[in-house]
Amino acid sequence: MKSEIRDVDDVRIIELSGKITIGTGDVKMRELVDRSLEDGQKKILIDLAGVSAIDSSGIGEMVACYTTVTKRGGQLKLLRLSPKINDILHVTQLITVFDVLDNVQEGLAAFK
């Protein structure tokens, strides 16, 4: 999995691409979120537009990241889900847990 991080005002955008699967991207995603919190970033957008696959381990890490950020007084939102990831979140009912946005402008506005 590859990642790019950028900050827009007080929002950290983590762009992920590749696979978020056990042993591949799940740990990397956790590290990126933890590093963002350590950097003092409490508003985090995870951009999943480039993610080609996610498994139960990746979904589990996503939920764990959400829980960690929320417990530390922050907010984590998901951005640009692929149809496959959107389907998985609907089937698992996790779509009701996450704020899901369609583009960066919507994502940034959601934190205001």
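Please treat every number below as a calculation from the coordinates, not as lab data. This structure is a prediction, so every number in the text was calculated from the model and none was measured. FYI the Cβ positions are ideal-geometry reconstructions off the backbone, even for glycines, and counts take in every protein chain you see.
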inquiry  = Condition first: part of a loop (DSSP other than H, G, I, E, B) and either touching a helix residue (DSSP H, G or I) at 6+ places or on another chain (Cβ under 9 Å) or among the hydrophobic types (A, V, I, L, M, F, W, C) (or both). Now tell me which residues in the stretch 96-112 satisfy that.
reply    = Val97, Phe98, Ala110, Phe111
ask   = Name the residues in the stretch 1-27 that are crowded, with 16+ Cβ neighbours inside 10 Å and either hydrophobic (A, V, I, L, M, F, W, C) or in contact with a Lys or Arg (Cβ under 9 Å, 6 or more places away or on another chain) (or both), would you?
value = Met1, Ser3, Val11, Arg12, Ile13, Ile14, Glu15, Leu16, Ser17, Ile20, Gly25
query = Can you pull out the residues in the stretch 41-70 that are over 16 Å from Lys84 (Cα atoms) and of a type in the set (Asp, Glu)?
reply = Glu61
remark   = In the stretch 71-112, residues that are farther than 16 Å from Arg12 by Cα and touching a strand residue (DSSP E or B) at 6+ places or on another chain (Cβ under 6 Å) total 3
task = Just give me the residues in the stretch 75-87 being more than 15 Å from Met29 (Cβ to Cβ) and surrounded by 19 or more Cβ atoms within 10 Å (Cβ to Cβ), in sequence order.
result = Arg80
